[in-house]
Number of protein chains: 2
Amino acid sequence: MDANGVLSFSDDLVFKKKKDEVLNNNNDNGCSHLQVLEAEHQKDEEDEEEEEEEEEDNSIIINGDDPLDHPTIPGWFCEHCPQWPGQAHFLKVDKVLFQGKSAYQAMLVFQSSAYGKVFVLDGALQLTEKDECAYQEMITHLPLCSIPNPKKVLVIGGGDGGILREISRHSSIEQIDICEIDTMLIDVYKKYFPEIAVGYKDYRVNLHIIDGSAFLSSVPPGSYDAIIVDAFDPIKPDDEVVRSKLFENVAKALKEGGVLCIQAESLWFPSLDIQILISKCKQVFKGSVQYAWTIVPAYPSGVIGFLLCSTQGPKDVDFKNPINPIDSNKNFGVATQPLKFYNSEVHSAAFCLPSFAKKAKGLRSNN
Amino acid sequence: MDANGVLSFSDDLVFKKKKDEVLNNNNDNGCSHLQVLEAEHQKDEEDEEEEEEEEEDNSIIINGDDPLDHPTIPGWFCEHCPQWPGQAHFLKVDKVLFQGKSAYQAMLVFQSSAYGKVFVLDGALQLTEKDECAYQEMITHLPLCSIPNPKKVLVIGGGDGGILREISRHSSIEQIDICEIDTMLIDVYKKYFPEIAVGYKDYRVNLHIIDGSAFLSSVPPGSYDAIIVDAFDPIKPDDEVVRSKLFENVAKALKEGGVLCIQAESLWFPSLDIQILISKCKQVFKGSVQYAWTIVPAYPSGVIGFLLCSTQGPKDVDFKNPINPIDSNKNFGVATQPLKFYNSEVHSAAFCLPSFAKKAKGLRSNN
């Protein structure tokens, strides 16, 4: 870590193979010392012939509660959705690649039959190789393509590096700050998802190993053109985060006409009222506030939302009509592949809402 | 059935309570005589107090194969997706409302925790109360709002009546023909999903108990403004139906500038190549051919597609820009509720494709 609190990168992943020691470890000292477990399967990575014999070890039971509430099947990863209970999505596990626990959270990487490699944090699916493009490209380019000439961007969370990879495609960008508290998470992504973590290779990236809220309160007002938050559960109107200082600090840290993009709940979830969420955010963001969405089949309901907010500027940001398109034929930055999901048409379409989502639920005649 | 082969409606659902007799029945005579089982829970419909004691009877195991291929959990309905294997979606069953078998197929109706009532045909989830709006409204209004003044429409399949309900909202319509071969299916929908089957109450509806392909070959050329097909598995380029006489007969049965809308596979499925599907259909339909999609969280991947095709007319149909909008404030037809999902914005957005879906897979650098 340099004088500015910026960590330079080294491949400092520490592997320990004592599974019980790690999983039973209660390290509450809050430091970022890594305790990492390489799953037993991993040591046989080059030994594909032994794969079948190991099948029993692939059993993953994430939810050990009442099977009528959270079903479990050996050999399958199961995710249920507390926001929309009574359903569960199962993915077949071909091979467990990694299990470990940092000071902050438990991590699991497995090879799935359907979605390629999958990353799981504290039991919740974070991303899959198959559909991460739909999330990373949209959460990044929806804000960055809505404003002219973005130069300085802050990412809070997003430790996988995929948002960095996407920001990297913008040639106007001069500085990319990222706040990620869990260095083990970064290292696991670098090892198992190099095409995502490639974002860290961009020379404009500064990694700050610090809590995003603490970082935000320390930056001078008007620092950033865009802030992308990928650190919480998807927000909904009742969330603490909407009412908290974080939103106010984001607004302060943005330039005039600067934009925030943050994950928001799926429009299918009964707990989300988009209109109320928007009206709450308008109390903080005096420019534009819009809800957009994209399709991510590995996520509950197959959909995830985004909240886009802008501070007051010379004129309001028109999120629906991107003014800063990416030329998909130009290959700028560190991404090794062209855009898979995002284009200007999909950008505008993301703001089109089904009729039921256009009205505040309290006002609906039938809900 | 009248002289024109049109069946008038009566509530002729026959209930028999001998579960084993029905489930073990192998009625191969092809007639439409109904053999219907009302699930044991149903007889206690008014007796909610007994519900807990009956919990064991709610066990539904649809897929009894190798649990590593198709996981099963008692008390949960499981759907896996042959087109995208290695995943399964589970819905918690609160109460089985109906199980039965017609001459054609096995039916199951259950009350789910997450999606309201659910209808299952031969083990495949057909619709749920929660999200049927997204499917029914889109498969109907995408074609009907794309052409001026539609008068005569044919529905092939769609026995639940939801497409009829949606067509009914169009005041220009004079005649709605529907071909559905399984009268038991209609009756089950009428009993358990009255807000969907309400479509049959429209006075313009004529039900033809006949195979859609046979019906099509008997109608005079140029009969219909629109044909909506909801009878097969979602189509993909290799399907028999694309190469079959059915598509040619649909094209013949349409007026000049008439439109077809048929379910197509999810854009996430590895087996779908949208560009090849479109180019195959252009061999039959000389007007416009487009792929659109909507979000249906109970379906595998959370997305389902539609193929929209038009015959040659005075000018090509511009599917992306609806010219015949529905006034959502006017309440025309038999639907008891206003539109929940469809609006003109969502219509246009449905044709916007992620970048990966815009190229033929064979031409992609990375797939």
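The values are calculated or read from the model by the stated rules, or taken from the named source; none is laboratory data. Quick caveat, the model's predicted, so the values are computed rather than measured. Glycine also receives a Cβ, built like all others from the backbone with ideal geometry; neighbour counts cover every protein chain displayed.
Comparison of A:CYS352, A:CYS309 shows that the only residue that is modelled with pLDDT of 95 or more and within 14 Å of chain B (Cβ to nearest Cβ) is A:CYS352.
Cβ separations smaller than 9 Å between residues 6+ apart or across chains give the following pairs from region B:131-160 residues that are farther than 22 Å from B:ASN321 by Cβ and basic (Lys, Arg) to residues that are part of a loop (DSSP other than H, G, I, E, B) and at pLDDT 95 or above: B:LYS152/B:ILE173; B:LYS152/B:GLU174; B:LYS152/B:SER223.
For region A:332-349, filtered to residues that are surrounded by fewer than 20 Cβ atoms within 10 Å (Cβ to Cβ) and free of Cβ contacts under 8 Å to residues at least 24 places away in the same chain, the residue that is nearest to the other protein chains (Cβ to nearest Cβ) is A:GLU345. Restricting attention to region A:227-238, the residues that are out of contact with any strand residue (DSSP E or B) (no Cβ under 8 Å at 6 or more places or on another chain), closer than 21 Å to A:HIS80 by Cβ and buried (at least 17 other Cβ atoms within 10 Å of the Cβ) total 0.
Inside region A:238-295, can you point out the residues that are free of Cβ contacts under 8 Å to residues at least 40 places away in the same chain and acidic (Asp, Glu)? Within region A:238-295, A:ASP238, A:ASP239, A:GLU240, A:GLU248 qualify.
Residues are listed down the side, and each one gets a yes or a no for (1) within 14 Å of another protein chain (Cβ to nearest Cβ); (2) of a type outside the set (A, V, I, L, M, F, W, C):
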site: B:ILE235; (1), (2): no, no
site: B:SER244; (1), (2): no, yes
site: B:ALA251; (1), (2): no, no
site: B:LYS255; (1), (2): no, yes
site: B:ILE262; (1), (2): no, no
site: B:LEU272; (1), (2): yes, no
site: B:GLN275; (1), (2): no, yes
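Which of the residues that make up region A:150-174 are among the small types (Gly, Ala, Ser), assigned to a strand (DSSP E or B) and surrounded by 24 or more Cβ atoms within 10 Å (Cβ to Cβ)? Across region A:150-174, there are no qualifying residues. The residues of region B:244-268 that are touching a Gly at 6+ places or on another chain (Cβ under 9 Å), under 19 Å from B:ASP230 (Cα atoms) and surrounded by fewer than 18 Cβ atoms within 10 Å (Cβ to Cβ) amount to a single one, B:LYS252.
So, of the residues in region B:92-130 that are of a type in the set (S, T, N, Q) and in contact with a strand residue (DSSP E or B) (Cβ under 7 Å, 6 or more places away or on another chain), which turns out to be nearest to the other protein chains (Cβ to nearest Cβ)?
Only one residue tops the list, namely B:SER113.
Is it the case that A:ALA298 is touching a residue at least 12 places away in the same chain (Cβ under 8 Å) and within 13 Å of chain B (Cβ to nearest Cβ)? Spell out how you get there, then give the answer.
Details: touching a residue at least 12 places away in the same chain (Cβ under 8 Å): yes; within 13 Å of chain B (Cβ to nearest Cβ): yes.
Here the answer is yes, as A:ALA298 does meet what is asked.
Would you confirm, using the coordinates I've provided, whether B:ILE181 is part of a loop (DSSP other than H, G, I, E, B), surrounded by fewer than 24 Cβ atoms within 10 Å (Cβ to Cβ), in contact (Cβ under 8 Å) with a residue 12 or more places away in the chain and touching a Lys or Arg at 6+ places or on another chain (Cβ under 7 Å)? In short, no.
Looking only at region A:313-324, which residues are farther than 18 Å from A:ALA264 by Cα, at pLDDT 95 or above and not acidic (Asp, Glu)?
Matches in region A:313-324: A:VAL317, A:ASN321, A:PRO322, A:ILE323, A:ASN324.
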